[in-house]
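The values are calculated or read from the model by the stated rules, or taken from the named source; none is laboratory data. Note that the structure is predicted; figures quoted are calculated from it, not measured. Positions of Cβ are backbone-derived with ideal geometry, glycine not excepted, and every protein chain shown enters the neighbour counts. The area values use the complete protein model at the heavy-atom level, side chains included, leaving out ligands, DNA and RNA. Shrake-Rupley method; radii C 1.70, N 1.55, O 1.52, S 1.80 Å.
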Amino acid sequence: ADPSVATYIDDVPRIYGSMINNFFNVERVEVLKGAQGGLYGRNATGGVVNIITKQPSDKPAAEARVSYGSKNTLSAAAYVNVPITDHIAWNVSVERDQHSPYIRNLVKTRTPYTAAMFPSGSTSPKVCGFTGCSFSPQQTADFFNSAVNPPSGLGNQNFWAIDSKLRLQFADNFKITLDGDYAKKHDSEGDQWNQASPNQLQTEVSTVFFPLIAGTTVNLPPNFFKTGGKFTVYSSVPAFANLVDYGGSAKAELRLPGVELTSITAYRAQHTLYDNDSGASVAPIVIPDVQNHKWYFYQELRAVSTGTGPFHFLGGVTYLRDHFHGL
């Protein structure tokens with residue numbers, strides 16, 4: 001679902017809700033009260049957040065920051081601006097953020113279930129075929145343990161990003177700025193579940209889930225599903241909340257007597273993967289695997305008057321093609 005407040009970074013719309021929000025090279029942020037549809041087009045009913053990053057300049061500049069804290073928390077970033085010639089300038093910013101898991105996983109072994117936990121002689125005709133079959137307690141324990149691969153913890157961070165711009169000043173009244181950025185998040189931050197009512201889940205699995213897929217109820221052992229306390233969880237499978245976001249743009253600006261012409265051409269793509277056991281249990285129970293692949297092409301042409309007369313004008317046209325593929 002698209003938001004009613006549009007977000008722009010350097011005049012390029014960011015239309016996806018899972019937008020990268022790590023910026024080290026911000027120059028200023030403009031918040032424009034809605035409605036802004038006349039100036040910014042789609043999804044600007046509530047207003048616009050306009051983020052302007054540092055542009056290549058004729059003066060050398062550099063800055064950096066680094067911090068380290070508990071849970072191996074590291075945050076580091078650097079920015080450099082280099083004037084190459086009188087007509088060419090380049091800048092680049094990089095950022096690295098990481099920390100260890102905030103959530104401790106209480107599942108410590110790949111075989112949390114034993115034969116002693118299960119009664120013998122259970123029958124599941126729809127699983128074993130219409131002739132029916134019986135599982136031994138050890139076979140039952142082996143079945144539930146077959147998909148267990150517990151992570152040491154959840155809620156870790158592993159993120160890095162880079163942004164670079166090249167300004168080409170062809171004449172005093174004409175310049176082109178090329179911009180490219182890439183960001184990668186490969187961790188489980190923002191992907192944690194906790195089972196608040198394990199007894200209710202156990203009842204539903206025993207009397208609803210198993211009859212639906214196996215044609216029979218089961219008597220699960222006590223505390224088959226468990227709940228963790230503060231900053232703890234039971235999770236039997238690794239969790240992923242991965243994201244790759246990248247794109248590039250070309251902004252051409254031409255100043256003529258009384259009018260300034262601007263062309264913005266941009267392409268952006270994003271790939272996301274979400275995977276975790278939303279049952280938050282020792283046994284894998286509900287594991288959504290969600291993958292999204294998205295890209296869009298954006299083109300804007302606009303003209304703004306620069307004269308000193310009593311009347312001013314602004315006009316333009318935009319084109320957007322969006323593609324979304326989810327799995």
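Give the lysines whose C-alpha is closer than 19 Å to that of Lys59, dropping any in the same chain fewer than 8 places away, or say none.
Lys165, Lys175
Which far-off residues, 5 or more places away or on another chain, put their amide H under 5 Å from the one on Val5, with H placed in the peptide plane?
Correct list: Gly46.
What is the extension gain from Tyr68 to His293, computed as 0.36 nm multiplied by their sequence separation minus the C-alpha to C-alpha distance, in nm to one decimal?
77.6 nm
If we count every other residue with Cβ under 15 angstrom of Arg302's Cβ, Lys/Arg +1 and Asp/Glu -1, where does the sum land?
-3
What's the magnitude of the charge dipole for the chain around its Cα centre, counting Lys and Arg as +1 and Asp and Glu as -1 at the beta-carbon? Answer in Debye, nearest 20.
It works out to roughly 420 debye.
Given the options Thr207, Thr111, Thr73, state which has the largest fluctuation in a GNM of the chain using a 10 Å cut-off (strictly under) for Cα springs.
Evaluated over the chain, the most mobile residue of the options is Thr207.
Is it possible to state the helix-based mean residue ellipticity at 222 nm for the chain, with each DSSP H run of 4+ residues giving -39500 (n - 2.57), the sum divided by total residues, to the nearest 500 deg cm²/dmol? What is it?
-2000 deg cm²/dmol
Could you calculate, for region 143-264, the ratio of the Cα radius of gyration to the Kirkwood radius, expressed as Rg to Rh?
Expressed as Rg/Rh, it is 1.36.
With charges set only on the Cβ (+1 for Lys and Arg, -1 for Asp and Glu), what does the dipole of region 209-317 come to about its Cα centre, in debye to the nearest 20?
Computed charge dipole of region 209-317: roughly 160 debye.
Compute the Rg/Rh shape ratio of region 248-308: radius of gyration over Kirkwood radius, all on alpha-carbon atoms.
1.47
With springs only between Cα atoms under 10 Å, which of Thr45, Thr308, Thr203 fluctuates most in a Gaussian network model of the chain?
Top of the fluctuation ranking is Thr308.
How fast does the chain diffuse by Stokes-Einstein, in µm²/s, taking the Kirkwood radius from C-alpha pairs at 25 °C and 0.890 mPa s?
This corresponds to a translational diffusion coefficient of 102 µm²/s.
Using the Cα gyration tensor of region 2-78, with a ≥ b ≥ c the square roots of its eigenvalues, what is the shape: rounded (a/c below 1.5), prolate (a/b larger than b/c) or oblate (neither)?
Oblate is the answer for region 2-78, as a/c is 1.5 or above yet b/c matches or exceeds a/b.
Just read off the accessible area of Glu189 with the full protein assembly in place, 1.4 Å probe, to the nearest 10 Å².
Using a 1.4 Å probe on the heavy atoms, I get roughly 70 Å².
Specify, per residue and in Å³, the volume enclosed by the convex hull of the alpha carbon atoms belonging to region 198-268.
Cα-based convex hull of region 198-268, divided per residue, equals 237 Å³.
Work through the residues other than Val107 whose Cβ is under 14 Å from its Cβ and net out their charges, Lys, Arg +1 and Asp, Glu -1.
Counting the neighbours of Val107, the net charge comes to +3.
Points 7 angstrom from Cα along the Cβ direction at Ile88 and Val5: gap in nanometres?
In this crude spin-label approximation the distance works out to 4.1 nm.
Step through the table entries Lys54/Lys185; Lys71/Lys108; Lys108/Lys184, compare each Cα-Cα distance with 26 Å, and write down the pairs that go over it.
Distance filter (> 26 Å) returns Lys108/Lys184.
Treat each spin label as a single point 7 Å out from the Cα along the C-beta direction, and report the Val208 to Leu106 distance in nm.
If labels sit at Val208 and Leu106, their model points lie 2.3 nm apart.
If Tyr234, Tyr319, Tyr68 are ordered by their accessible area, calculated over protein heavy atoms with a 1.4 Å probe, which sequence runs from highest to lowest?
Sorted descending by solvent-accessible area, the residues read Tyr68, Tyr319, Tyr234.
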